[in-house]
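Peer 1: Quick one: structure below, then a few questions.
The values are calculated or read from the model by the stated rules, or taken from the named source; none is laboratory data. Please read all numbers here as calculations on a predicted model, not as lab measurements. Note: ideal-geometry Cβ built from the backbone for every residue, glycine included; neighbour counts use all protein chains shown.
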Amino acid sequence: MTTTDLKSKIKSKVDEINDVELLEEVNSIVNYLTSGKEDWNNLSTELKEAVEEGLQQLNTGNKISYDELKKRNSRWFTT
């Protein structure tokens, strides 16, 4: 799988997450990992559990499209 393919796959999964708190946690993790200040082993147990829960939600089909997320949370999206 190429880097571009992997990025696309990750973006698609994130686009379907319907839990705002989970999206915030995913964002925090990505920020930590890309800043070089944190890695998975240094994340709190609570944060790791939130990520694992989100992945389980994705794997069981508990997700919505990005468009639906925007509809449900329109106050957070400006275009």
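Peer 1: Filtering the range 1-22 down to residues that are aliphatic (A, V, I, L, M) and free of Cβ contacts under 8 Å to residues at least 12 places away in the same chain, which residue is surrounded by the most Cβ atoms within 10 Å (Cβ to Cβ)?
Peer 2: Ile10
Peer 1: Filter the range 58-71 for residues that are of a type in the set (Lys, Arg) and either surrounded by 12 or more Cβ atoms within 10 Å (Cβ to Cβ) or under 11 Å from Val26 (Cα atoms) (or both) and give the result.
Peer 2: Within the range 58-71, Lys63, Lys70 meet the criteria.
Peer 1: I'd like to know if the range 1-15 contains one or more residues that are among the basic types (Lys, Arg), farther than 22 Å from Arg72 by Cβ and at pLDDT 85 or above.
Peer 2: Yes, the range 1-15 contains at least one residue that is among the basic types (Lys, Arg), farther than 22 Å from Arg72 by Cβ and at pLDDT 85 or above.
Peer 1: Here is a further query. Return the residues of the range 29-57 that are under 18 Å from Ser12 (Cα atoms), touching a helix residue (DSSP H, G or I) at 6+ places or on another chain (Cβ under 8 Å) and surrounded by fewer than 16 Cβ atoms within 10 Å (Cβ to Cβ); say none if nothing qualifies.
Peer 2: Once the filter is applied, which keeps residues that are under 18 Å from Ser12 (Cα atoms), touching a helix residue (DSSP H, G or I) at 6+ places or on another chain (Cβ under 8 Å) and surrounded by fewer than 16 Cβ atoms within 10 Å (Cβ to Cβ), the range 29-57 yields only Glu53.
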